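Below you'll find the structure, written out as structure tokens, and then a few comments.
The values are calculated or read from the model by the stated rules, or taken from the named source; none is laboratory data. Treat the numbers as computed from the prediction; the structure is a model and nothing was measured. Note that we place each Cβ from the backbone using ideal geometry, even for glycine, and neighbour counts take in every protein chain shown.
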Amino acid sequence: MKQRPKLSRQLLLEDPQRTSDGAGGYTETWVALGTVWADVNPLAGRMAGDGLSLQKYRITLRAAPEGFASRPRPDQRFRDGSRVFRIDAVTEADPDGRYLTCFAAEEVSG
């Protein structure tokens, strides 16, 4: 039997909001949608160039139904203080659909 994830890390789920800048473009701001408790596990990392490293993570949290604001999407991100985890993909973590796995990346300047 698979062990349940330890949801011991508090993350803020954020959604991008675009606003017209009046010159044909837009500005992007991030709006907090709420807090989730998660299990954050590092995966492979690599150098991204220009002194940046890209660290991948598997982030597991309680599931929320499709369409709910509390269900993460790939265009969103998690924030932990000054750290930002860009969500690349979201999938169900277990056959019963009780947990979600988010594959995310964090850019770190070196």
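Considering only segment 51-82, how many residues are within 14 Å of GLU14 (Cβ to Cβ), over 11 Å from the mean Cα position of the chain (by Cα) and not polar (S, T, N, Q)? Selection size over segment 51-82: 2. Answer yes or no as to whether SER70 is among the hydroxyl-bearing types (Ser, Thr, Tyr) and assigned to a loop (DSSP other than H, G, I, E, B). So SER70 fits the description; yes.
Considering segment 76-110, the residues that are among the hydroxyl-bearing types (Ser, Thr, Tyr) and in contact (Cβ under 8 Å) with a residue 24 or more places away in the chain include one that is surrounded by the fewest Cβ atoms within 10 Å (Cβ to Cβ), namely SER109.
Residue check: VAL40 meets all listed conditions (1) part of a strand (DSSP E or B); (2) aliphatic (A, V, I, L, M); (3) under 16 Å from GLU14 (Cα atoms) but one, namely (3).
Would you check if there is a residue in segment 64-81 being in contact with a Phe, Trp or Tyr (Cβ under 8 Å, 6 or more places away or on another chain) and of a type in the set (Phe, Trp, Tyr)? There is at least one residue in segment 64-81 that is in contact with a Phe, Trp or Tyr (Cβ under 8 Å, 6 or more places away or on another chain) and of a type in the set (Phe, Trp, Tyr).
Within segment 21-33, being assigned to a strand (DSSP E or B), exposed (fewer than 11 other Cβ atoms within 10 Å of the Cβ) and either among the aliphatic types (A, V, I, L, M) or at positive phi (or both) holds for VAL31, ALA32.
If I filter segment 79-89 for residues that are at pLDDT 90 or above, of a type in the set (S, T, N, Q) and touching a strand residue (DSSP E or B) at 6+ places or on another chain (Cβ under 9 Å), do I get at least one hit?
No, the conditions are met nowhere in segment 79-89.
Note on segment 8-20: residues that are under 14 Å from ASP80 (Cα atoms) and surrounded by 10 or more Cβ atoms within 10 Å (Cβ to Cβ) total 6.
With the condition kept exactly as written, say whether any residue in segment 12-20 is farther than 23 Å from GLU107 by Cα and either in a strand (DSSP E or B) or not aromatic (Phe, Trp, Tyr) (or both).
yes
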